[in-house]
Each structure stands twice: as structure tokens, then as C-alpha cells.
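First the structure, in the form of C-alpha cells, and then the observations on it.
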Amino acid sequence: MPVYVVANPKGGAGKSTLATNLAGWLAQAGHAVALGDLDRQQSARQWLALRPAALPAIRALDLVDDHVLRAPKGVTHLVLDTPAGLHGKRLDVVLKIADRILVPLQPSPFDLAATHAFLQALAGHKRGGKLALGLVAMRVKEHTHATQHLHEYLGAVAPAPLNIPITHLRDTQNYAHLAARGLTLFDVAPGRVERDLHQWQPLTDWLST
């Protein structure tokens, strides 16, 4: 069962937005998906409660305790939304089962510093050499100083031995408007979110390989 972990110890990086839309993409592709929410705020679980029953189902993951995850019977794909400050035993648990790790980051010096430290921690982990990592720049506003710094940072990271693929998602209210109704980009007419779907294409291509 493929397990996709969305992680960044920095709060407000866009983890829940990325995790819910990833689960929506998998569900629309016909997979039996479960979405696990390891954050105390339970944003992803609250989003699931809003999701219309007529849409492709996304089930909730059962969290037995901090160290045991139990997927519902029949699930074929699992997405994990992780909390800020992920480290120690909880990090070990998710890395033990992860097939792909998606690291969202925002174009700010604080986010870049936190993300850099997290990537170093992942590289130094005992499973570091086996991890398939993808960086997803969230809420990107072109032609700003923050975005320029982001591009400089990503340009330095991409050639590294990890060879991390990178996706940029623009700053748009589409994600917030859809989330308020339990929806994702993949649940509405493509013409309404064409630009955003185009930005997701490199990510979904990587996840499909």
C-alpha cells in the first residue's frame, strides 16, 4: 500500500492543504484512500467531515496511539498529514512506513530555514537513503523578493544528492474556498481551476512513477 507523508516541522507550511488535495487526486483516480491526521488540531479530519457523500470517498485513518497507525480495511492508498514539530518517535513511525514524503514550504526566511533543517534531519535519518522526497512550494507569489529567495534556495537544493523534485503552487483563494466545502481541485470542473491543475501536473507525474 503506497503511503504518502506530508511533513514539515514548521507550522503553517500548508501541510493540510497539500494532504487533502493529494487525497482528492488519489480518490478521483479510483483508489481506496484513507487520510490520516496526526495533528492535534485535526484540520484534515474536520475537512473530511465537510466532504459531500456524493464525491469519491476518502476514509479517515484510525490512530491507535502515538506509535501505531491502523488503516481501515480495504484501503489501497494512505495519505498522512503530520503535525508541526514532528520529530523523535513520531517521525520514526511515519518514516518507517513512508513511500513518498512531500515537504511543503512557504517563501519566507523562517520557512526556508526550518525546511533546510528538516531536510538535513531526513538525510541523516537511518532511512534517509531510501526516502523519495518531493518539495512543494506553497502560496508562491511571482515577482516578489520572497519568491526570489525561494528560487535561490531551491536552486541550491535541487542539484543535491537527494535530487529532490520541486513543484510550485500559486497563492490563490481556490484552495480555501474549496476546503470550506470539503472539496479539492480534483472535485470541480477542470475549467474552474485550470491554472492550478497545471501546476499540480509535475507533482502528480512524479507520484505516478
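Couple of notes before you dig in:
- Pairwise Cα distances in the chain exceed 28 Å in 23 percent of cases.
- Estimated distance in nm for a label pair at R70 and A123, the labels positioned 7 Å out from Cα along Cα-to-Cβ: 3.9
- Label-point gap, in nm, between I97 and T204 - each point 7 angstrom along Cα→Cβ: 2.6
- Around R170: net Lys/Arg minus Asp/Glu count, Cβ-Cβ under 9 Å: 0
- Rg and Dmax, both from the Cα atoms of the range 27-148 and both in Å, are 16.1, 48.
- Structure remark: mean-square fluctuation, Gaussian network model of the chain, C-alpha springs under 10 Å; the largest value among H198, H116, H87 belongs to H198.
- Share of Cα-Cα pairs in the range 1-59 lying beyond 14 Å, as whole percent: 54
- For R181 and E142, the difference between the fully extended length at 0.36 nm per residue and the C-alpha to C-alpha distance is 11.3 nm.
Taken together, the values in this text are just the output of simple stated rules run on the coordinates, not laboratory data. These numbers come from a predicted model, not from an experiment. So basically every Cβ, Gly included, is an ideal-geometry build from the backbone, and we count neighbours across all protein chains shown.
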